[in-house]
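Below is one structure; the comments refer to it alone.
Coordinate-derived values only; no laboratory data. The model shown is predicted, which means the values in this text are computed figures rather than measured ones. All Cβ positions, even for glycine, are placed from backbone atoms using ideal geometry, and neighbour counts span all protein chains on display.
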Amino acid sequence: MIRITEASKTFHEKSTEVHALQNVTIHVQKGEIYGIVGFSGAGKSTLIRLVNRLETPDTGTVEVAGQNLSSLKGKKLSALRRKIGMVFQQFNLLDGKTVFHNVSLPLILEHRSPAEIEKRVAEVLAFVELSDKRDAYVSQLSGGQKQRVGIARALATNPEILLCDEATSALDPQTTESILKLLKRVNREMGITILLITHQMQVIQLICDRVAVMEKGRVVEEGPVLEVFGRPKEEVTKRFVRTVINDQVPETFYDTIRAESRHYRLEQLKFIGDTVNEPVIANLCRRPGLEVNIVGANISPLQGTIMSVFILQLIGETEALRSAEEYIDASGALRQRLMIDWESRNITEIPAGKERTDG
Amino acid sequence: MDEFLNSKIFGIKWSRLLNSCGQTLYMVGWGLLIGTVLGLILALILVLTRKGGVLQGRLPRVLYLVVNTYVNVIRSVPFVILLVTIMPLTRLIMGTTIGSTAALVPLVLYISPYLARLLENSLLECSPGILEAAQAMGANIWQIIRYFLMPETLGSMVLALTTGAIGLLGASAMAGYVGGGGVGDLTLTYGYEKMNTPLMILTVVILVAFVQLIQFLGGAISGKLRAHR
Ligand SMILES: Nc1ncnc2c1ncn2[C@@H]1O[C@H](COP(=O)(O)OP(=O)(O)OP(=O)(O)O)[C@@H](O)[C@H]1O
Ligand SMILES: [Mg+2]
């Protein structure tokens with residue numbers, strides 16, 4: 001549906017150059033919710049604006065619904081933009097006008113008849129559950145209601161794609177959740193492909209099918225949400241995942257762990273949905289020569305399923321620990337050995353390949 | 001009625017006084033109307049072709065530079081000087097330099113760049129986000145102007161026009177002196193030169209009343225337009 005290939009964009013500001021995008025390639029499939037996450041200034045807005053040609057790449061190509069955008073101008077560009085709705089962080093509504101007027105604007109631009117406009121506006125307002133605010137002025141609405149109007153406006157022309165530039169960043173957590181639910185409905189009930197950008201990992205966690213992580217103008221990691229959350233590779237990704245899923249050992253447990261004089265290892269186990277069918281932790285407890293302490297646990301909803309993280313302190317002889325690890329790996333749970341640096345009190349993960357037999 | 005018009009107030013006939021008021025309204029009214037049309041066109045060119053403007057890159061940059069320079073140059077010439085300098089032009093266009101209609105030429109030439117600057121400031125109040133949303137909806141340039149840029153800034157533009165109208169009133173007094181008629185002319189030729197102090201005071205009161213009226217109307221209309229923001 002949206003295919004951005006090797007796109008680069010540099011802004012020239014006086015004497016400095018800002019490489020907003022560097023060789024970015026993403027491919028958004030029809031019908032999915034694709035999220036791009038990154039810190040401020042990573043180039044997310046620049047990237048999303050390529051899709052409706054509010055921005056043009058210096059090099060690289062942008063294809064939307066099979067159409068290469070580089071040659072689009074005038075009427076054809078307008079026609080394409082009508083197939084792409086856009087929702088903004090600051091809503092960008094006409095504050096002094098009514099909800100009805102705002103939502104009807106894209107239809108007025110298409111020269112639809114008043115009767116048609118009346119009907120369509122009523123439909124989309126009902127969809128976003130704002131029918132009763134039809135004649136209210138936008139300035140009288142709350143942030144969440146304003147964003148609903150923004151979404152209704154974006155939906156008015158029956159678009160195939162919805163672009164959301166930080167659609168929930170100006171809202172409180174509860175309102176954020178209700179707007180995210182609405183976006184999910186837009187996707188599921190209307191079959192609209194959604195490309196959204198955010199710096200809140202929670203947004204990705206709750207509604208996205210796939211995610212790309214951006215840093216300094218590059219996409220550093222990309223994949224299905226379950227995979228990226230389960231096995232984040234890059235440091236930025238891990239930091240983002242950590243903002244919603246606590247996979248750390250609570251500091252208060254450090255001393256308990258350290259006080260253990262016997263031979264032990266710290267293992268982090270992740271279970272996603274029902275990929276693991278056996279009671280792994282219960283079985284570990286029953287293994288001879290092995291003692292299990294749970295020193296960290298977190299359960300969070302993830303894309304309609306559940307991801308649970310456990311941090312275990314496994315105590316036993318080297319051989320018992322090794323066979324326990326083998327057992328965990330065979331069960332399908334995602335395992336990662338951890339080390340605590342007692343000097344700095346930091347936890348480091350030991351990459352699977354670099355595990356020494358002893359820990 | 002005739003009796004009243006022929007009766008005198010501070011040494012001049014009422015008909016004369018009312019006629020002068022009419023001339024002033026004529027000059028300010030038409031001057032403001034034509035000046036607003038021209039000023040708005042100039043302001044739109046400035047706003048749309050400036051750096052980061054909606055049409056930046058689609059229209060040649062010289063257009064911005066030319067309009068910007070024109071506005072600056074005309075605005076730096078004091079009105080009295082402009083008035084006499086362009087008399088040949090006025091004669092060319094109107095056939096004469098005498099009368100309220102002829103006075104419109106220098107008045108419009110003077111006020112349109114002034115209004116252009118004021119309106120430019122108003123138009124710049126439209127948040128870039130609104131224009132971005134308009135573009136994202138597929139609006140063409142005329143639609144952007146008509147449905148987004150103008151409605152968003154109308155209240156502020158009315159205030160700008162109010163300020164412009166008051167400036168125009170002042171300029172019309174000067175234009176009147178060199179042949180345009182109006183209240184300003186009355187003040188200077190009958191009040192000042194014939195040392196008719198009561199008449200002078202009366203005309204000043206009238207001018208003050210005009211300013212008050214303009215300011216009141218402008219404020220009220222603008223307030224109404226901004227009622228729901
Ligand atoms: N029109 C522009 N002119 C100059 N520099 C720009 C322009 N637009 C963006 N940039 C720069 O490009 C970089 C990426 O900006 P962008 O807005 O895409 O980041 P972002 O990831 O959306 O950040 P945020 O989360 O703060 O919105 C920034 O350093 C920004 O200053
Ligand atoms: Mg941004």
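Tabulated results
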| item | result |
| --- | --- |
| Of the DSSP H helices in chain B, those whose Cα atoms cover at least 20 Å axially and whose Kyte score averages 0.0 or more | B:14-49, B:61-75, B:100-123, B:150-175, B:197-225 |
| All-pairs alpha carbon distance profile, the protein assembly as shown, 10 Å steps from 0, percent | 3, 13, 18, 16, 14, 12, 9, 6, 4, 3, 2, 1, 0 |
| Which listed pairs, of A:K75/A:K97; A:K14/A:K83; A:K73/A:K184; A:K75/A:K133; A:K181/B:K224, have C-alpha distances above 30 Å, in listed order | A:K14/A:K83; A:K73/A:K184; A:K75/A:K133; A:K181/B:K224 |
| Stokes-Einstein diffusion coefficient of chain B, Kirkwood radius over Cα pairs, 37 °C, 0.692 mPa s, in µm²/s | 170 µm²/s |
| Relative contact order %, chain B, counting alpha carbon pairs below 8 Å whose residues are six or more apart | 26 percent |
| Segment A:A122-A:E326, extension gain: residue separation times 0.36 nm, minus the distance between their alpha carbons | 67.5 nm |
| Separation of the B:F10 and A:A65 label points, Cα + 7 Å toward Cβ, nm | 7.1 nm |
| Links that overshoot a 24 Å alpha carbon limit, given the list A:K44/A:K238; A:K76/A:K216; A:K30/A:K76 | A:K76/A:K216 |
| Contact order normalised by residue count of the range A:2-242, Cα under 8 Å, 6+ apart, percent | 28 percent |
| Isotropic mean projected area of the C-alpha convex hull, the range A:2-242 (nm²) | 13.7 nm² |
| Candidates A:V99, A:V18, A:V64, ranked by Gaussian network fluctuation over chain A, Cα under 10 Å, top entry | A:V18 |
| Principal-axis tilt of helix A:143-155 within chain A, Cα atoms, nearest 10 degrees | 60 degrees |
| Most mobile of A:T176, A:T252, A:T61 in a GNM of chain A (Cα contacts under 10 Å) | A:T252 |
| Tilt relative to chain A, helix A:173-190 - C-alpha long axis, 0 to 90 degrees, to 10 | 70 degrees |
| In degrees, nearest ten, helix A:235-244 long axis to first principal axis of chain A (Cα) | 80 degrees |
| Neighbouring partner chain Cβ atoms per residue of A:84-96, average, 10 Å criterion | 5 |
| Equivalent ellipsoid semi-axes, the range A:177-251, via Cα gyration tensor eigenvalues times 5, rooted, Å | 24, 15, 10 |
| Anchor B:K13: lysines whose Cα lies under 17 Å away (excluding residues fewer than 8 positions away in-chain) | B:K194 |
| Against the rule of thumb 2.2 N^0.38 Å, how large the Cα Rg of the range A:251-349 comes out | 1.09 |
